[in-house]
Ligand code: SF4
């Protein structure tokens, strides 16, 4: 199979994938007890009524989970004891367990979380100063202002972005990516994706707690419980291709958005795809309002194919029209992600071609200097070369950002922490 042999046979599935078709790549892990985070008000109320409980108890359970972040049924004090016992015996209430953390001086934190079957996924928390409040004061779709970590404490206002994974490993085989190096294991369930976010937010809440509370550990009793936090933004750009786990992704996005759960405005959530054209078209028909980012990384087929095998199935002449459909349906500017790799895709010619694509799609371009991955040959361009690439876009009036390196010191390239832990 030549140099793409490591991708595996799963890619053959994409060849006859039509919009609206249903398919599953790989397996999903089956838990002994289903995660409660996959439940909706209707599904949980139906279960409760079936055991003779009142339907309104479902709302109380969600209030404990998502508003108070209490995950032990025994602590849900307004529920009858018998119901607490039933809940504990019926559902898995534990968010994923954080097992390792890397922290960068630039305030990028990468968490390794262990799922129930022992699989490991990566979650990244990015904290940044809140440069300027938006016109709406940062309110979400329902008019609420998110309680970012700093906002909760009142000591500083910092913007919190959480980057989520949707699969254990990845089958897409992008040649610059550590997640793709070890292949694909399985999809995350919707409950695991939600649990991943809640686990990350629990860590953020503990960090946001005033130092005096966190430091009360020696002999003075337990520190007071951390105040729940909400992220300002969620980006689904971690391990895995989100659109290859489409149904679970959508179910999780609905929980993020739902007023009975996290209530995050859809425009605060961005899903990133390497370019699964049929799923982009499906996503364009969804009414969620979630933002879309497309990993381009090459502005011509010849360059893109060298690092993204998906381009052989869905080349630019198919990908770009699908992006146009999404933009038209949602009226939103999409983002083109572009990792700058020394000597591969950082030429003036690629910059000009990228400017043409961005102008056609009315897209924002996010340039990301490559994070070196051990075992892979790609290097970051010299900063002057990245700056020149950026200038070419700017001179053509393309909305673009050249990302400051975040997390370079903590193996922030997707999949690196998981590989280190396994070694
Ligand atoms: S870049 Fe994304 S789609 Fe490509 S191999 Fe890595 S995780 Fe998968």
What's the number of the condition residue 293 fails, among (1) within 15 Å of the ligand (Cβ to nearest atom); (2) in contact with a helix residue (DSSP H, G or I) (Cβ under 7 Å, 6 or more places away or on another chain)?
(2)
Count of residues meeting criterion [farther than 20 Å from residue 353 by Cα and under 26 Å from the mean Cα position of the chain (by Cα)] in the range 381-394
0
Among 261, 266, the single one that is under 24 Å from the mean Cα position of the chain (by Cα) and at pLDDT below 95 is 266
Check the range 198-206 and report whether any residue there is at pLDDT 95 or above and touching a strand residue (DSSP E or B) at 6+ places or on another chain (Cβ under 8 Å).
no
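I'd like the full set of residues that are part of a strand (DSSP E or B) and surrounded by 18 or more Cβ atoms within 10 Å (Cβ to Cβ), limited to the range 377-408. Outline the logic, then answer.
Step one: list which residues in the range 377-408 are part of a strand (DSSP E or B), which gives 400-402.
400, 402 - these are the residues of the range 377-408 that are part of a strand (DSSP E or B) and surrounded by 18 or more Cβ atoms within 10 Å (Cβ to Cβ).
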Counting only residues that are outside any helix (DSSP H, G or I) and more than 13 Å from residue 235 (Cα to Cα), the range 246-264 contains a total of 6
Of the conditions (1) part of a helix (DSSP H, G or I); (2) within 30 Å of residue 158 (Cα to Cα), residue 48 clears all except one; give me its number.
(2)
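For residue 182, state whether it is within 16 Å of the ligand (Cβ to nearest atom) and at pLDDT below 95.
Details: within 16 Å of the ligand (Cβ to nearest atom): yes; at pLDDT below 95: yes.
Taking the combined requirement at face value, the residue satisfies it.
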If a residue counts only when it is surrounded by 23 or more Cβ atoms within 10 Å (Cβ to Cβ) and either in contact with a strand residue (DSSP E or B) (Cβ under 7 Å, 6 or more places away or on another chain) or in the same structural domain as residue 391 (by TED's automatic domain parsing) (or both), which strands (runs of 3 or more DSSP E) contained entirely in the range 273-376 have at least 3 such residues?
335-340
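Consider the range 263-272. How many of its residues are touching a residue at least 60 places away in the same chain (Cβ under 8 Å), surrounded by fewer than 24 Cβ atoms within 10 Å (Cβ to Cβ) and either in contact with a strand residue (DSSP E or B) (Cβ under 9 Å, 6 or more places away or on another chain) or outside the structural domain of residue 308 (by TED's automatic domain parsing) (or both)? Let's see the steps before the verdict.
Narrowing the range 263-272 to residues touching a residue at least 60 places away in the same chain (Cβ under 8 Å): 263-268, 270, 272.
Adding the requirement that they be surrounded by fewer than 24 Cβ atoms within 10 Å (Cβ to Cβ) leaves 263, 265-268, 270, 272.
This time we only want the ones that are either in contact with a strand residue (DSSP E or B) (Cβ under 9 Å, 6 or more places away or on another chain) or outside the structural domain of residue 308 (by TED's automatic domain parsing) (or both), so: 266-268, 270, 272.
Qualifying residue count, the range 263-272: 5.
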Residue set 94, 135, 131; condition modelled with pLDDT under 95 and either in a strand (DSSP E or B) or within 25 Å of residue 206 (Cβ to Cβ) (or both); output residue 94
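The values are calculated or read from the model by the stated rules, or taken from the named source; none is laboratory data. Just so it is clear, the model here is predicted, and its values are computed rather than measured. Cβ atoms come from the backbone with ideal geometry, glycine included; neighbour counts cover every protein chain shown.
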